[in-house]
Amino acid sequence: GIVIGLWNSKCNYGSGIFSVGPKGSDSRNCPSGSGAVTLGYKNLAFAQYSSVTGGLCNNATNSFASVSGGWNNEASGYTSSIIGGLSNVASGTVSSISGGE
């Protein structure tokens, strides 16, 4: 995989991952799923092909789940997605949240 920025020593990186964090500091991003993607800060993508592409403290915890940004969001349903906002949870299969709180 590819990590741009510092490696997170507490992350068990998955195979085929991509992660980008801020220059010169530990982003604490963790793409531990196979094919996972993390961008931003303190974002976690635990499952196969999950992604968090921005924001802070967001989690994608099921296969193909994604969070595009915001703060403290969790896409935990299979193929669920969150576009942004604060403290949202998309837990249903193929569920989607476009923002808000």
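Taking 25 °C and 0.890 mPa s as the conditions, I'd like the Stokes-Einstein D for the chain in µm²/s, using the Kirkwood hydrodynamic radius from alpha carbon pairs.
Answer from the Stokes-Einstein relation: 195 µm²/s.
Could you pull out which residues in the stretch 5-25 have an amide N less than 13 Å from a spot 7 Å beyond the Cα of Gln48, following the Cα-Cβ vector?
Taking a point 7 Å out along Cα→Cβ of Gln48, the residues of the stretch 5-25 whose backbone N falls under 13 Å are 15.
Can you list the cysteines of the chain that have no other Cys Cβ under 4.7 Å away?
Cys57
Net charge near Gly21, counting Lys/Arg +1 and Asp/Glu -1 over other residues with Cβ under 12 Å of its Cβ?
Counting the neighbours of Gly21, the net charge comes to +2.
Tell me the accessible surface of Ser63 in square angstrom (1.4 angstrom probe, heavy atoms of protein chains only), to the nearest ten.
30
Given Cα pairs under 8 Å that are at least 6 residues apart, what percent is the relative contact order of the chain?
With pairs under 8 Å counted, the relative contact order is 14 percent.
At R0 = 30 Å, how high is the FRET efficiency between Phe18 and Glu101 if r is their beta carbon distance? Nearest 0.05 is fine.
Step by step, r from the Cβ atoms, then E = 0.55.
The values are calculated or read from the model by the stated rules, or taken from the named source; none is laboratory data. Quick caveat, the model's predicted, so the values are computed rather than measured. Note: ideal-geometry Cβ built from the backbone for every residue, glycine included; neighbour counts use all protein chains shown. For accessibility, only protein heavy atoms count, side chains too; no ligands or nucleic acids. Shrake-Rupley method; radii C 1.70, N 1.55, O 1.52, S 1.80 Å.
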